[in-house]
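Colleague: There's a structure below that I have some questions on.
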Amino acid sequence: MNYAERALRTLSAGNRTLLRAENETSLLQEMCRVIVEQGGYRMAWVGFAQHDEGKTLRPIAHYGFEDGFFEVAHYTWADYEGGPTAEAVRTGKPAMAPNATAVIATHLPMALSEVAKRGYGSVAAFPLILDGATIGNLTIFAAEHDAFDARELELLGEMSEDLSFGIATLRVREGHRRAEETIRRMAFYDSLTDLPNRTSLQQELTSAIETLHTAHNPLALLLIKIGHFQEISDTLGYEEADLLVQEMARRLSQLAGEGRAVARAGEDEFALSLPNTSAEVAIRLAQRIMREVCDPVPLGPLTVDPHAHIGIAMFPGHGNTADAILRRAKIAAVQAKRTVAKFALYQGSADQECTRRLALMSDLRSAIDKNELQLYCQPKVSISSGEVCGAEALVRWPHAQHGMIATGEFITLAERAGLIMPLTRWVLETAFRQSHTWFEQDIRQPLSVNLSAQDLRDPRLVDRISGLFATWAMPPEMIQFELTESALMEDPIGALKTLQRLKALGVELFIDDFGTGYSSLSYLQKLPVDSLKIDQSFVSSMLTNAGSAVIVRSTVELGHNLGLGVVAEGVESEAQWDGLRALGCDTAQGHFVGFPIPTEQFADWEAHCQWRHRPTAGDATPTISH
């Protein structure tokens, strides 16, 4: 027999197996199969070396004439035991026995007649090596005595190296998959209760509303709010408050049953979305929740009454978007707090709100055209040095009748009225003009501008920005751009192209609200960004919520591992600052650093604030003056 030809045939079949492998278990089992069926060997098996007291070799996969083979003895790679297989694992080099009968009879309680009956003539063992360490064995039995000549051993050794590479590749791939799943789960699930979070709820509501709108079916949303939650947390402590939340989550999930997803909509809020449900049925369920879920909760030696109240909002009667339904369910929960039943159906006037919204849309268009908006900025500070390192541009709208309009409200209005692009143009032009003013005042601090998903779809965006640089003769490092993770994921391919064109201008790019959207690590690696901004919802609760703390720490590590800077938003206290510094976070932004101020006041703020005199990490923290 031409042993080399047999080995070459086995190597070729093994390579095809490597290319098709989906996971490690199937790879190893399939490799053993092709060695026997394609290569013509008698039996093959793979084991992994355990680092226990007995140095066990644990069989993982096998194929061929192996019946009873793995039950008759304890396989080990200990010194002076185990034959060629143990020798290959110990030394990291191939080992063989030309007469397998003697070897098996020596190391296994198997009669010579049984060895002969199985047809084991000779045996060769090859180490499986990952990152310089032997992790196990590939052992092959041939029917012939004196098989495995030098050329055959060389080819089979090459196959074992390929198998080791395949194992390593699959493990890396599995590690990436688990990392992506972890990031996705952190973004869409609450770590304390393992329920879908608000982001997941909004996506689920949006999807359900689109489907129900087409079918002309209703949807009910119940918002269950735990009463006196902050008082309970302040009195009993965070751990007890967490136990209360977990118990309420368990009760609600049990009552909701299969097919109904309970979500944690806020620190002390749960939501239950009920497609194809009328207001009457929703009210009956609210009554049942009050009876069965809102009973007192034992917390150690105490029993706490959660005093829950429930708000109910309906699609389409109370709104036709997830945001509107959620907002009105929350209003109804506040209304329910004042009732005896402790649940209420939303009673607001949708017509009046719609009229006000339309009026504000018109006013916003006028405010943009007449330059009635104001540009504010919020400082950013380097955590390691305490030096001011820039500011984020924020737009404000002082309305003549309604006063300062909440930013979230008029941004939503701009999106609905198709005013995002005109609003962005106003912000860009004002930010460049202000940055030029700072530059002439010898203030070398970059000003960052937020771009929305609609902005990224604007084919003239990059040309407009390039023109502004030319108009004001500004160095590219003086202007930065921030884009939310969710905006990037609306059109990943288009967003990547826009970011590449922006990066070609020499500007720094930030991913804003990181952790609230969903982007894979493979996509994140492709983005030409410089920094991640941890969403303030995680930073604000990092000292009180274990899940938020994990997200903050993981984001800092992820950013640094990818060579990116990390900015923490919403830093409200010295304790948060110190925690972020301990994690190695690069930059802080929030009320502890500095409140948003009109951009024309920034020079005076920087001149009089004490951040520039803040000592380096490890020194005493001075009193901060803003």
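The values are calculated or read from the model by the stated rules, or taken from the named source; none is laboratory data. These figures come from a predicted structure and were not determined experimentally. Cβ coordinates were reconstructed from backbone atoms using ideal geometry, including for glycine residues, and neighbour counts include every protein chain displayed. Note: accessible area is taken over every heavy atom of the protein model, side chains too, but ligands, DNA and RNA are not part of it. Shrake-Rupley method; radii C 1.70, N 1.55, O 1.52, S 1.80 Å.
Colleague: Over the residues of region 173-270, compute the C-alpha Rg and express it relative to 2.2 N^0.38 Å. It would help to have the intermediate numbers written out before the result.
Modeller: Numbers: Rg = 16.0 Å, N = 98, 2.2 N^0.38 = 12.6 Å.
Cα Rg divided by the expected 2.2 N^0.38 Å: 1.27.
Colleague: Kindly report, to the nearest 10 Å², the accessible surface of T91 as traced by a 1.4 Å probe over protein heavy atoms only.
Modeller: Here the residue's solvent-accessible area equals roughly 80 Å².
Colleague: Short version: ³J(HN,Hα) in whole Hz for each residue of region 338-347, in order, from phi by Karplus 6.51 cos²θ - 1.76 cosθ + 1.60 (θ = phi - 60°), x for Gly and Pro, what are they?
Modeller: For region 338-347, the Karplus-derived couplings read 8, 9, 6, 6, 6, 9, 7, 8, 3, 10 Hz, x marking Gly and Pro.
Colleague: How high is the FRET efficiency between A133 and L521 when r is their beta carbon distance and R₀ equals 22 Å, given to the nearest 0.05? Numbers along the way, then the final one.
Modeller: Working: r = 26 Å, r/R0 = 1.18.
Calculated transfer efficiency: 0.25.
Colleague: Please list the non-local residues whose amide H lies under 5 Å from the amide H of T484, H modeled 1.01 Å from N, same-chain partners needing a gap of 5 or more.
Modeller: L451, D512
Colleague: Y189's amide H: which non-local residues (gap 5+, or another chain) put their own amide H closer than 5 Å, with H modeled 1.01 Å from N in plane and none for Pro or chain starts?
Modeller: Residues meeting the criterion, in which the H sits 1.01 Å from N, are N197.
Colleague: Additional query: Rounded to the nearest 0.05, what FRET efficiency do N276 and V334 give with R0 = 35 Å and r taken as the Cβ-Cβ distance? Could you check?
Modeller: Values: r = 27 Å, r/R0 = 0.77.
For N276 and V334, the calculated efficiency is 0.85.
Colleague: With a 1.4 Å probe and every protein chain left in place, tell me how much accessible area H608 has, in Å² to the nearest 10.
Modeller: Estimated to the nearest 10 Å², H608 gives 130 Å².
Colleague: If you don't mind, there's one more thing I want to ask. Determine the per residue accessible area of region 338-478 with all protein chains present and a 1.4 angstrom probe, expressed in square angstrom.
Modeller: On the way: 6740 Å² over 141 residues.
Accessible surface, normalised per residue, equals 48 Å².
Colleague: Could you give the radius of gyration (one decimal) and Dmax (whole number) of the Cα atoms in region 201-318, in Å?
Modeller: Radius of gyration, then largest Cα-Cα span, for region 201-318: 15.3, 52 Å.
Colleague: Among 128-135, 187-194, how do they line up from the highest to the lowest mean number of other beta-carbon atoms within 10 Å? All intermediate terms of the calculation are to be shown ahead of the outcome.
Modeller: Numbers: 128-135: 14.2, 187-194: 18.6.
Peptide ranking by packing, descending: 187-194, 128-135.
Colleague: Just to check I understand the Karplus step: with θ = phi - 60° and J = 6.51 cos²θ - 1.76 cosθ + 1.60, what whole-Hz values come out for region 421-431, glycine and proline as x?
Modeller: Once rounded to whole Hz, the list reads 5, x, 5, 4, 4, 4, 5, 4, 5, 5, 5.
Colleague: Note down the accessible area of M314, probe 1.4 Å, to the nearest 10 Å².
Modeller: 20 Å²
Colleague: Ignoring ligands, DNA and RNA, what percent of the accessible area of the chain is carbon or sulfur (1.4 Å)? Let's see the in-between values first.
Modeller: Numbers: 14670 of 29000 Å².
Carbon plus sulfur share of accessible area: 51 percent.
Colleague: Just by accessible area at a 1.4 angstrom probe, what is the order of L243, L221, L496 from largest to smallest? Before the final figure, lay out each step's value.
Modeller: On the way: L243 90, L221 0, L496 35 Å².
The ranking, largest first, comes out as L243, L496, L221.
Colleague: Do the alpha carbons of any pairs in K503/K533; K380/K533; K225/K337; K330/K533 sit beyond 21 Å of each other, and which pairs? Mind dumping the intermediate values first?
Modeller: Values: K503/K533 18 Å; K380/K533 11 Å; K225/K337 9 Å; K330/K533 29 Å.
K330/K533, as the Cα separations exceed 21 Å there.
Colleague: Mind pulling the angle between the C-alpha long axis of helix 3-20 and the longest principal axis of the chain? Nearest 10 degrees, somewhere in 0 to 90.
Modeller: With rounding to tens, the tilt is 20 degrees.
Colleague: So what is the calculated 222 nm ellipticity per residue for the chain, using -39500 (n - 2.57) for each DSSP H run with n of 4 or more, over all residues, to the nearest 500 deg cm²/dmol?
Modeller: Details: 23 runs with 300 residues, N = 626.
Calculated at 222 nm, the ellipticity per residue is -15000 deg cm²/dmol.
Colleague: Also: From the phi of every residue in region 215-226, what ³J(HN,Hα) in whole Hz does the Karplus formula 6.51 cos²θ - 1.76 cosθ + 1.60 yield, where θ is phi - 60° and glycine or proline is x?
Modeller: 8, 6, 10, x, 9, 10, 10, 9, 10, 9, 10, 6
Colleague: Per residue, how much space in cubic angstrom lies within the convex hull of the C-alpha atoms of region 246-369? Write out the running numbers ahead of the final one.
Modeller: On the way: hull volume 17.3 nm³, N = 124.
Per-residue hull volume (Cα only) is 139 Å³.
Colleague: Tell me, what are the semi-axes, in whole angstrom and largest first, of the equivalent ellipsoid of region 379-430 as set by the roots of 5 times the Cα gyration tensor eigenvalues?
Modeller: Numbers: eigenvalues 162, 40, 20 Å².
Each semi-axis is √(5λ); the values are 28, 14, 10 Å.
Colleague: Further question: Dipole of region 267-356, Cα-centred, from +1 at each Lys and Arg C-beta and -1 at each Asp and Glu C-beta, to the nearest 20 debye?
Modeller: Details: 10 positive and 10 negative charges, 47 e Å.
The calculated dipole for region 267-356 is roughly 220 debye.
Colleague: Right, another one. Any chance you could give the angle, 0 to 90 degrees and rounded to 10, that helix 407-417 forms with the longest Cα principal axis of the chain?
Modeller: With rounding to tens, the tilt is 90 degrees.
Colleague: Same structure again: Along the charge dipole of the chain, pointing to its positive end and built from +1/-1 on Cβ of Lys, Arg, Asp and Glu, which listed residue (S385, A308, H74) has its Cα farthest out?
Modeller: A308
Colleague: With a Förster radius of 25 Å, plug the Cβ-Cβ distance of D369 and D323 into 1/(1 + (r/R0)^6) and report the FRET value to the nearest 0.05.
Modeller: Efficiency at R0 = 25 Å is approximately 0.40.
Colleague: Along each of its three principal axes, how wide is the spread of alpha-carbon positions in region 422-547, in whole angstrom units, largest first?
Modeller: 47, 34, 26
Colleague: Excluding residues fewer than 8 places away in the same chain, name every one of the lysines whose C-alpha is closer than 23 Å to that of K93.
Modeller: Cross-link targets: K55.
Colleague: Okay, moving on. Just report the Cα centroid separation between region 529-553 and region 14-64, whole Å.
Modeller: 43 Å
Colleague: Under the definition of Cα pairs under 8 Å and six or more residues apart, what whole-number percent is the relative contact order of the chain? Present the calculation step by step, with values, prior to reporting the outcome.
Modeller: Details: 1093 pairs, mean separation 55.6, N = 626.
Worked out over the chain, it gives 9 percent.
Colleague: Moving on. Take each of the peptides 366-377, 139-150, average the number of other beta-carbon atoms within 10 Å over its residues, and list them starting from the highest. The partial results should precede the final answer.
Modeller: Values: 366-377: 16.1, 139-150: 19.4.
Going from most to least packed, we get 139-150, 366-377.
Colleague: Further question: Between H402, S466, A417, whose Cα lies farthest towards the positive end of the dipole of region 377-491 when Lys and Arg beta carbons carry +1 and Asp and Glu beta carbons carry -1, centred on the Cα centre?
Modeller: Looking along the dipole axis, the top candidate is H402.
Colleague: What does DSSP give for the chain in terms of the percent of beta bridges that are antiparallel, rounded to the nearest 5? Intermediate results must be reported in sequence, preceding the final value.
Modeller: On the way: 63 of 87 bridges.
The answer is about 70 percent antiparallel.
Colleague: Ok, one more. Give the angle, between 0 and 90 degrees and rounded to the nearest 10, that separates the Cα long axis of helix 574-583 from the longest principal axis of the Cα atoms of the chain.
Modeller: Computed tilt is about 30 degrees.
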